[in-house]
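So the structure is just underneath, and the comments pick up after that.
The values are calculated or read from the model by the stated rules, or taken from the named source; none is laboratory data. Quick caveat, the model's predicted, so the values are computed rather than measured. Every residue, glycine as well, gets a Cβ built from its backbone with ideal geometry; the counts of neighbours run over all protein chains shown.
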Amino acid sequence: MKKNSHNSKRKFYKKKRFKIIASIIILLVIARLALPYIVKNYVNKTLANIPEYYGHVEDIDISLYRGAYTIKDLYLNKVNAKSQVPFLNFPKTDISIEWKSLFKGSIVSEIIMYNPEVTYILEDQEATVNGEQAELDDWTTAITDLVPLEINHFEVHNGKVGIAQITTEPSLDLYMDDVEFTAENLRNVVENNNKLPSPISGSGVSIGNGNFNINGAINLIKTIPDLDIDFELTNASVTSVNDFTRHYGGIDFEYGNIDVFGEIAIANSYLKGYIKPMLKDSKLIGKDDGILSTIWEGFVGLFKFILKNQGTKTLATKVPLEGDLSNVNAGIFPTIINIFENGWIKAFKTEVDKDIKFNDALNNTKK
């Protein structure tokens with residue numbers, strides 16, 4: 001009898017242990033199934049609380065084994081937007097733990113965005129609610145809050161950035177397609193003595209099929225980041241900006257290309273740099289222009305011919321930029337002098353000049 005009683009107790013405890021383990025497994029499965037909905041509700045609540053904006057996320061995928069989740073179809077726009085074009089449209093954003101930094105003792109995240117679109121409609125962003133303009137920090141802080149850890153690695157693949165004005169006739173649209181962008185070491189996980197510890201690089205295809213490239217370094221752990229970058233836009237068709245030149249200058253181009261080169265350094269909110277636009281092998285006055293347009297464009301074209309470098313067929317200048325970020329000055333007199341220098345003295349190089357250093361901005365702040 002005692003033996004049977006002992007066996008009964010063992011069976012009872014085995015059954016009880018099995019039920020406990022089974023219950024824990026069931027609870028974990030339920031929690032795993034519910035987790036995407038919990039995260040989705042949190043994300044949508046965060047977007048809903050941004051002043052002057054509305055946003056939504058369609059779906060969330062959770063990948064526990066790699067410590068990641070994927071946000072699908074996130075969009076954000078102004079409440080009183082005059083267009084239906086989303087300000088932010090992110091089809092797929094993958095947020096995960098950066099394992100290589102974890103092995104170094106730092107818990108940070110990496111973000112990879114696929115096909116993101118940022119479209120700045122001027123009329124939409126001017127829209128107000130109750131007469132108050134939305135603050136930039138309102139939506140940038142909210143988007144950052146969707147990432148549970150500090151961001152250290154950031155990638156963009158096949159992105160698009162655009163700015164447009166829709167109330168003009170015709171509407172004005174500047175954009176860049178096929179944007180690829182990478183930023184590393186944003187939280188200084190890799191320690192070094194470099195004042196700008198985070199390298200960045202990017203590329204894209206502009207309006208007019210120009211090739212855009214940007215390279216440099218940044219220190220993001222500041223309220224206003226320090227940076228040192230250079231950029232270039234090459235072989236963009238100038239006819240692609242005819243809507244702008246016609247709207248603002250009353251001229252358009254029959255053919256030609258435009259290059260833009262530049263360097264910018266920012267240290268402690270002080271900026272120093274330049275932009276160098278170069279117009280190549282261009283011709284004003286289209287065949288379909290009226291008599292008044294032809295006269296005006298011919299007048300402009302005469303000065304363009306006089307100031308053009310006859311050897312390289314370029315009309316170019318170099319616009320110096322310098323000052324505190326709240327009051328950056330573009331040197332008008334040097335800009336004019338540089339037009340004559342390119343046309344009459346020595347043609348500018350069709351490349352970045354490499355004459356702006358981070359210390360150029362830093363030394364001015366020390367002064």
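So is Leu174 at pLDDT 85 or above and outside the structural domain of Asp124 (by TED's automatic domain parsing) or not? Give the steps one after another, and end with the answer.
Values: at pLDDT 85 or above: yes; outside the structural domain of Asp124 (by TED's automatic domain parsing): no.
Spelling it out, it is not the case that Leu174 is at pLDDT 85 or above and outside the structural domain of Asp124 (by TED's automatic domain parsing).
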Within the range 269-285, does at least one residue satisfy the condition of being touching an Asp or Glu at 6+ places or on another chain (Cβ under 7 Å), closer than 30 Å to Asp228 by Cβ, modelled with pLDDT of 90 or more and not in a strand (DSSP E or B)?
yes
Can you find, within the range 178-190, the residue that is farthest from Thr144 (Cα to Cα) among those that are surrounded by fewer than 16 Cβ atoms within 10 Å (Cβ to Cβ) and at pLDDT 95 or above?
Asp178
Would you confirm, using the coordinates I've provided, whether Asn338 is under 14 Å from Ser269 (Cα atoms), outside any loop (DSSP other than H, G, I, E, B), in contact (Cβ under 8 Å) with a residue 12 or more places away in the chain and assigned by TED's automatic domain parsing to the domain that holds Thr312?
no
Of all the residues that make up the range 50-106, how many are buried (at least 19 other Cβ atoms within 10 Å of the Cβ) and either in contact with a Pro (Cβ under 6 Å, 6 or more places away or on another chain) or without any contact (Cβ under 8 Å) to a residue 24 or more places away in the chain (or both)?
5
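Residue-wise test of (1) surrounded by 13 or more Cβ atoms within 10 Å (Cβ to Cβ); (2) more than 25 Å from the chain's Cα centre (by Cα); (3) modelled with pLDDT under 85.
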site: Lys308; (1), (2), (3): yes, yes, yes
site: Ala316; (1), (2), (3): yes, yes, no
site: Pro334; (1), (2), (3): yes, yes, yes
site: Asn342; (1), (2), (3): yes, yes, yes
site: Ala347; (1), (2), (3): yes, yes, yes
site: Lys357; (1), (2), (3): yes, no, no
Residue list for the range 72-112, restricted to those being over 17 Å from Gly162 (Cα atoms), in a strand (DSSP E or B), in contact with a His (Cβ under 9 Å, 6 or more places away or on another chain) and not acidic (Asp, Glu)
Leu74, Ser109, Ile111, Ile112
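Restricting attention to the range 191-221, which residues are within 21 Å of Ala267 (Cβ to Cβ) and modelled with pLDDT of 85 or more? Step through it out loud before you land on a result.
Restricting attention to the range 191-221, the residues satisfying the condition of being within 21 Å of Ala267 (Cβ to Cβ) are 191-201, 214-221.
Leu196, Pro197, Ser198, Pro199, Ile200, Ser201, Ile214, Asn215, Gly216, Ala217, Ile218, Asn219, listed by residue number.
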